[in-house]
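Novice: Let me give you the structure first, and then I'll get to my questions.
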Ligand code: NAD
């Protein structure tokens, strides 16, 4: 049952029950309409309360029904909301935990809203390249004002309900027993038996609150922000358009305009790419040979070995998530230096207004610097981040093996060494796993989880769960040189250098790939500032190697860089280093600044058509550095068959 109907002293309670987040799938939408009709028909019922069971009021659309006929089957959400608005008995939404997307739009259709103060409130559709399609762009401005609605809808930010206390969005905000409060509220606003029916307030009838004579400046500011932060994405601009249109033309016209924008956005390549990334991230948590119910180990205390560049950031990741860390070094100066660097980073966050001073103190206090290996004996997870030297790693892992408690997970942050060899330094290779953080580790989202030949399913499941806890996007990689990301980026950097030799300048290469949408070109990535000296060196090198320099078009630069990624990605996929093409896409979206609106290298290649990619590579083979290209067999086969990497 996805909507439960119960009666509470004259109030009908509709409880959405569609785990995990009460997604508004077809059965749930139908259940709400049926529940309201039943309450309407029952003379003993004076009011209706809608809430959600479990962990959410409602998280919005039911993602399991995406791209199925159920997603578009009547009643659609707009019709459900109309049913609420048209009810002659007052409808009160009781919000708790999460009210997002369609879930919030549903609540906006109720006559009254009572919220638990901690409820996360958001219309995050823009993050999928869309806008709220069930009246959100029209009702929210009428509840919170144009300025805040622009911010919430065009950025998708989530705010706790108590932060919206100054707006008219909620009729009451409580800190506990929201359901009890909503039932009491419903009785209060429902007419007594025999009394004349009253019309209940609807957001669609409410005047806009701002009193701004000319909100044009607000629209322009929102557009400027969108252009700056979401580059060439059409969705945030459409969000602003829809709000502006409704303010100018009125609610009903605004609703029609919103629908037109929604339909247009669904078909954009950017939205397709963002939706691909959304599902890809979920798919990445499914690991072959690791069942969903695999037991996990508790990780309550962590140790990090090595307080260098990576060790510091890794320690902060755990402290930021409230997990105590002991940071172990052999070198007193390095330890002091590392800990001071952490302190400076936290102070910087406080100075920038990103963190309260007390919270910074609390996090810093969770990191305990130590020069004694004995201090890590009780840790549930030890992350090694010492020099990239096999002999040093051997020493460290042998020591760890001798002293850590049974069941502790031993992780290495190695970038290039063979994880299976590292596991072989211990008598417990099943407990050894790679946790490849990216620099700066406390900032970068990506975490490659390296699965050794003997890493147990339990260890994998445990570190994937931990990754979620510390807010990382985890992707599993098999063991190979460079794992998924660095192995691919190596080929990309190689082509970038070849193109210098053949006639491009570092600035041209950077500009071309940045215009495609990359956060940073390959030379800026390595701090190659424009330099006449470098240009002269490159020219001299080209003469020495007998390469005739030519003008290289920006299109060729972009294709050679991207197809170098795609071709290596195809090898990685065929070798089973990545379980699925979408995992590779996530690595590049989360770790390498690949433009979000392009969906990752493999998705982008699918969109171009793999025959196109393969044929371009064949053309590159005829160039001066052509011997470095070999079409990956999987790419060739898929190109021949008209297939795609992402199925
Ligand atoms: P780093 O040189 O900055 O720090 C290494 C630290 O380890 C030093 O402070 C050193 O004193 C300490 N150390 C050496 N031997 C030790 C031992 N036996 N016990 C305890 N501490 C010891 O190195 P880094 O850049 O932080 O790299 C660490 C690891 O992370 C390497 O395996 C590297 O490949 C990997 N990695 C680095 C990056 C990066 O961008 N720097 C990115 C991903 C992974």
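Novice: Suppose we keep only residues that are surrounded by 15 or more Cβ atoms within 10 Å (Cβ to Cβ) and free of Cβ contacts under 8 Å to residues at least 40 places away in the same chain within the stretch 323-336. Which one would you say is farthest from the ligand (Cβ to nearest atom)?
Specialist: 335
Novice: Another question about this same structure. Examine the stretch 142-161 for a residue that is crowded, with 19+ Cβ neighbours inside 10 Å, more than 30 Å from residue 264 (Cα to Cα) and in contact (Cβ under 8 Å) with a residue 40 or more places away in the chain, and state whether such a residue exists.
Specialist: yes
Novice: Go over the candidates 605, 578 one by one and state the one that is touching a residue at least 12 places away in the same chain (Cβ under 8 Å), under 21 Å from residue 288 (Cβ atoms) and more than 17 Å from the chain's Cα centre (by Cα).
Specialist: None of the others qualify; the one that does is 578.
Novice: Also, quick follow-up: All but one of (1) within 30 Å of residue 88 (Cβ to Cβ); (2) in contact with a strand residue (DSSP E or B) (Cβ under 6 Å, 6 or more places away or on another chain) hold for residue 158; which doesn't?
Specialist: Tallying (1) within 30 Å of residue 88 (Cβ to Cβ); (2) in contact with a strand residue (DSSP E or B) (Cβ under 6 Å, 6 or more places away or on another chain), residue 158 fails exactly one: (1).
Novice: Could you go through the stretch 428-435 and let me know if any residue there is under 21 Å from residue 331 (Cβ atoms), in contact with a helix residue (DSSP H, G or I) (Cβ under 9 Å, 6 or more places away or on another chain) and within 12 Å of the ligand (Cβ to nearest atom).
Specialist: Checking the stretch 428-435: not a single residue is under 21 Å from residue 331 (Cβ atoms), in contact with a helix residue (DSSP H, G or I) (Cβ under 9 Å, 6 or more places away or on another chain) and within 12 Å of the ligand (Cβ to nearest atom).
Novice: Test of understanding: among 415, 462, which residue is within 13 Å of the ligand (Cβ to nearest atom) and modelled with pLDDT of 95 or more?
Specialist: Just one listed residue meets the conditions, 415.
Residue-by-condition table, conditions (1) farther than 23 Å from residue 521 by Cα; (2) at pLDDT below 95; (3) surrounded by fewer than 19 Cβ atoms within 10 Å (Cβ to Cβ):
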residue: 555; (1), (2), (3): no, no, yes
residue: 579; (1), (2), (3): yes, no, no
residue: 584; (1), (2), (3): no, no, no
residue: 589; (1), (2), (3): no, no, no
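Novice: For residue 288, all conditions in the list (1) within 24 Å of residue 418 (Cα to Cα); (2) within 10 Å of the ligand (Cβ to nearest atom) hold save one; what is the number of the exception?
Specialist: (2)
Novice: Give the stretch 297-320 a look and list any residue that's away from the ligand (no atom under 16 Å from the Cβ) and either more than 13 Å from residue 469 (Cα to Cα) or part of a helix (DSSP H, G or I) (or both), or say none.
Specialist: Scanning the stretch 297-320 gives 297, 301, 319, 320.
Novice: Okay, next question. Can you say whether residue 253 is surrounded by fewer than 14 Cβ atoms within 10 Å (Cβ to Cβ), away from the ligand (no atom under 14 Å from the Cβ) and over 25 Å from the mean Cα position of the chain (by Cα), as far as the supplied structure shows?
Specialist: yes
Novice: When the residues of the stretch 520-538 are filtered to those that are under 28 Å from residue 590 (Cα atoms) and surrounded by 14 or more Cβ atoms within 10 Å (Cβ to Cβ), which remaining residue is modelled with the lowest pLDDT?
Specialist: Within the stretch 520-538, the match that is modelled with the lowest pLDDT is 525.
Novice: Right, something else. Quick check, is residue 218 farther than 23 Å from residue 106 by Cα and either crowded, with 17+ Cβ neighbours inside 10 Å or at pLDDT below 95 (or both)?
Specialist: yes
Novice: All but one of (1) under 25 Å from residue 439 (Cα atoms); (2) not in a helix (DSSP H, G or I) hold for residue 564; state the number of the condition that does not hold.
Specialist: Checking residue 564 against (1) under 25 Å from residue 439 (Cα atoms); (2) not in a helix (DSSP H, G or I), the one that fails is (2).
Novice: While we're looking at this one, here's another question. So residue 247 passes all but one of these: (1) part of a helix (DSSP H, G or I); (2) farther than 29 Å from residue 461 by Cα; (3) within 16 Å of the ligand (Cβ to nearest atom). Which condition number does it fail?
Specialist: (3)
Novice: How many residues does the stretch 521-534 contain that are in contact with a helix residue (DSSP H, G or I) (Cβ under 7 Å, 6 or more places away or on another chain) and either closer than 19 Å to residue 604 by Cα or assigned to a helix (DSSP H, G or I) (or both)?
Specialist: 5
Novice: What tally of residues in the stretch 110-152 results from selecting those that are touching a strand residue (DSSP E or B) at 6+ places or on another chain (Cβ under 8 Å), closer than 30 Å to residue 190 by Cβ and assigned to a helix (DSSP H, G or I)?
Specialist: 0
Novice: Within the stretch 269-282, is there a residue that is at pLDDT 95 or above, buried (at least 21 other Cβ atoms within 10 Å of the Cβ), assigned to a helix (DSSP H, G or I) and within 16 Å of the ligand (Cβ to nearest atom)?
Specialist: So far as the stretch 269-282 goes, no, none of its residues is at pLDDT 95 or above, buried (at least 21 other Cβ atoms within 10 Å of the Cβ), assigned to a helix (DSSP H, G or I) and within 16 Å of the ligand (Cβ to nearest atom).
Novice: Scanning the stretch 376-407 for residues that are buried (at least 24 other Cβ atoms within 10 Å of the Cβ) and under 21 Å from residue 457 (Cβ atoms), which turns out farthest from the ligand (Cβ to nearest atom)?
Specialist: Only one residue tops the list, namely 381.
Novice: Could I ask something else about it? Could you please tell me which pairs satisfy a Cβ distance under 6 Å, a separation of 6+ or placement on different chains, a first residue in the stretch 396-417 that is in contact (Cβ under 8 Å) with a residue 24 or more places away in the chain and within 16 Å of residue 307 (Cα to Cα), and a second residue that is outside any helix (DSSP H, G or I) and away from the ligand (no atom under 14 Å from the Cβ)?
Specialist: As it stands, the answer is 411/433, since those pairs meet every condition given.
Novice: Can you tell me which residues in the stretch 342-367 are surrounded by 16 or more Cβ atoms within 10 Å (Cβ to Cβ) and either in contact (Cβ under 8 Å) with a residue 60 or more places away in the chain or within 16 Å of the ligand (Cβ to nearest atom) (or both)?
Specialist: 342, 345, 367
Novice: For the stretch 408-456, what are the residues that are more than 19 Å from residue 480 (Cα to Cα) and either in a loop (DSSP other than H, G, I, E, B) or out of contact with any strand residue (DSSP E or B) (no Cβ under 8 Å at 6 or more places or on another chain) (or both)?
Specialist: 408, 426, 427, 428, 439, 440, 441, 442, 443, 444, 445
The values are calculated or read from the model by the stated rules, or taken from the named source; none is laboratory data. Note that this is a predicted model, so its numbers are computed, not measured. Note: ideal-geometry Cβ built from the backbone for every residue, glycine included; neighbour counts use all protein chains shown.
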